[in-house]
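J.: Quick one: this structure, given as structure tokens, is what I'll be asking you about.
The values are calculated or read from the model by the stated rules, or taken from the named source; none is laboratory data. Predicted, not measured: the structure shown is a model, and the values here were computed from it. Positions of Cβ are generated from backbone atoms using ideal geometry, with glycine treated the same way; all protein chains shown enter the neighbour counts.
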Amino acid sequence: MPSLDDLRKRIKSIKSTQKITKAMKMVAAAKLRKAQENAERGRPYSEKMNNIILNLSNNITDKENAPKLLAGTGTDKVHLCAVLTADRGLCGGFNSNIVKKARSFFDKIIAEGKNLKIITVGSKGYDQLKRIYGNQIIDKISFKDSKIANYLDAEIVGKKIIELFRKNEFDVCTIFYNQFKNVITQIPQDQQLIPLKSTEVKENSLEDNYEFEPEEDEILSNLLPKNISTQIFKAMLENSASEQGSRMTAMDNATRNAGELVDKLTIHYNRSRQAAITKELIEIISGAESL
């Protein structure tokens, strides 16, 4: 049974932790608003770019000579998966949910006898995947020094993927991230970037008719690499908002749990102190009576 001094020290320690978690919750709440706005602003742009590319691809007459980034290599034997997670922890199940979604996809690919290659963007994803899929991880990228998600970081990842594709290192590329819904809910997503899946574009986009100059295939050759970086940037914005929302929820729960634990320990401390005082009084009275 812990002594009164041990209980005092533990209560003091938990109160200090509670102050830290409360401060982290307030910081996450302050960052969440800006991150949520950025994520919501990025969605229409990325969707519209996908719509334009779909319209362009539908107008190409010579499908066999279409850009490979759009049409693919004609096979799906080698899959490249980019797992986008955070570089920091203490954000609940944010990182674990993305990795869980990715691992389910990895196991399916391996079960089908296909080759798997992985790029991790964020140290937390690498830490969780390296134990099982260490041999399949071909690169790890971290942006610890970047305070917010930015297009330059997304372009680094996009250029890396395009470079590998041009070297015929893979046939299909898929990214994994968390889509922000609200503070409590973040939905793990997988999005195929290469080749572009037409099912990922809204059906009403087909109603838009454009006249293009120069030719469609020439525009696509310039637009497709930019679209890959744009989709990655959108995923990073979604991740940023999801991370802050998940951290805010986790720190709120931690603060509340710390408060409940302090209350329980305080009751335990008061009871132990009362028992000690009662014991001392009994000893004094018993000693006085014996005299």
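J.: If you scan region 100-155, which residues turn out to be among the basic types (K, R) and part of a loop (DSSP other than H, G, I, E, B)?
T.: K114, K144, K147
J.: Conditions first: (1) under 19 Å from L90 (Cβ atoms); (2) of a type outside the set (V, I, T); (3) at pLDDT below 90; (4) surrounded by fewer than 19 Cβ atoms within 10 Å (Cβ to Cβ). F143 passes all but one, so which condition is the exception?
T.: Among (1) under 19 Å from L90 (Cβ atoms); (2) of a type outside the set (V, I, T); (3) at pLDDT below 90; (4) surrounded by fewer than 19 Cβ atoms within 10 Å (Cβ to Cβ), the lone unmet condition for F143 is (4).
J.: Hey, does region 64-84 have a residue that's of a type in the set (S, T, Y), in a loop (DSSP other than H, G, I, E, B), over 21 Å from A235 (Cα atoms) and touching a residue at least 24 places away in the same chain (Cβ under 8 Å)?
T.: Taking region 64-84 first, the residues of a type in the set (S, T, Y) are 73, 75.
The next check asks that each one be in a loop (DSSP other than H, G, I, E, B); those that pass are 73, 75.
Remaining after also requiring over 21 Å from A235 (Cα atoms): 73, 75.
Subset that is touching a residue at least 24 places away in the same chain (Cβ under 8 Å): 73, 75.
Scanning region 64-84 turns up at least one residue that is of a type in the set (S, T, Y), in a loop (DSSP other than H, G, I, E, B), over 21 Å from A235 (Cα atoms) and touching a residue at least 24 places away in the same chain (Cβ under 8 Å).
J.: Take region 235-257 and flag every residue that is charged (D, E, K, R) and surrounded by fewer than 24 Cβ atoms within 10 Å (Cβ to Cβ). Explain how you work it out, then say what you get.
T.: First, the residues of region 235-257 that are charged (D, E, K, R): 238, 243, 247, 252, 256.
Correct list: D252, R256.
J.: Does N150 meet the test of being over 18 Å from the mean Cα position of the chain (by Cα), surrounded by fewer than 18 Cβ atoms within 10 Å (Cβ to Cβ) and polar (S, T, N, Q)? Quick ask: steps written out before the conclusion?
T.: Details: over 18 Å from the mean Cα position of the chain (by Cα): no; surrounded by fewer than 18 Cβ atoms within 10 Å (Cβ to Cβ): yes; polar (S, T, N, Q): yes.
In short, no.
J.: When you check E260 against the structure, is it in a helix (DSSP H, G or I), surrounded by fewer than 17 Cβ atoms within 10 Å (Cβ to Cβ) and modelled with pLDDT of 90 or more, yes or no?
T.: Yes: the conditions hold for E260.
J.: Assess whether A111 counts as being among the hydrophobic types (A, V, I, L, M, F, W, C), at pLDDT 90 or above and farther than 26 Å from F165 by Cα.
T.: Values: among the hydrophobic types (A, V, I, L, M, F, W, C): yes; at pLDDT 90 or above: yes; farther than 26 Å from F165 by Cα: no.
No; evaluated as a whole, the condition is false for this residue.
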